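The values are calculated or read from the model by the stated rules, or taken from the named source; none is laboratory data. From a predicted model like this one, the values you see are computed outputs, not experimental measurements. Glycine gets a Cβ as well: all are built from the backbone with ideal geometry, and neighbour counts include every protein chain shown.
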Amino acid sequence: MYILECFNGQYYVGSTTDLEKRVSEHSRGEGANFTKKNLPIELLYFEEFSRIDDAFYREKQIQKWSHEKKKALIKGDINVLKKYSKKYFR
């Protein structure tokens, strides 16, 4: 599972079995429609999983997050991640 920063400042979250190849494809404007329209600038974050379905599950989880929560994950800021977690809004 990986997070790219795109030219427009948004994050793209994806999963793959070959990170280097997939990032290269995105950089060439191949693959996902979002990254075709908003070319990625940089790979900011990734997590490795032994099973692609686990990576895909994590991808779908993070895609639902706000930009700020994704930024906190990228920075490794646990306190901000907690702030944006649902249980802290109760």
Restricting attention to segment 20-42, the residues that are assigned to a helix (DSSP H, G or I), of a type outside the set (S, T, N, Q) and surrounded by 14 or more Cβ atoms within 10 Å (Cβ to Cβ) number exactly 5
Test for Thr17: is it among the polar types (S, T, N, Q), touching a helix residue (DSSP H, G or I) at 6+ places or on another chain (Cβ under 8 Å) and surrounded by 13 or more Cβ atoms within 10 Å (Cβ to Cβ): no
If we keep just the residues of segment 60-87 that are more than 15 Å from Ile3 (Cβ to Cβ) and assigned to a helix (DSSP H, G or I), which is modelled with the lowest pLDDT? Lys87
Return yes or no: is Glu48 modelled with pLDDT of 95 or more, of a type outside the set (Val, Ile, Thr) and surrounded by 13 or more Cβ atoms within 10 Å (Cβ to Cβ)? no
Of residues in segment 4-14 being touching a Pro at 6+ places or on another chain (Cβ under 8 Å), surrounded by 15 or more Cβ atoms within 10 Å (Cβ to Cβ) and of a type outside the set (A, V, I, L, M), the one farthest from Phe49 (Cα to Cα): Cys6
Name the residue, out of Tyr57, Tyr45, that is part of a helix (DSSP H, G or I), under 19 Å from Leu73 (Cα atoms) and of a type outside the set (A, V, I, L, M, F, W, C). Tyr57
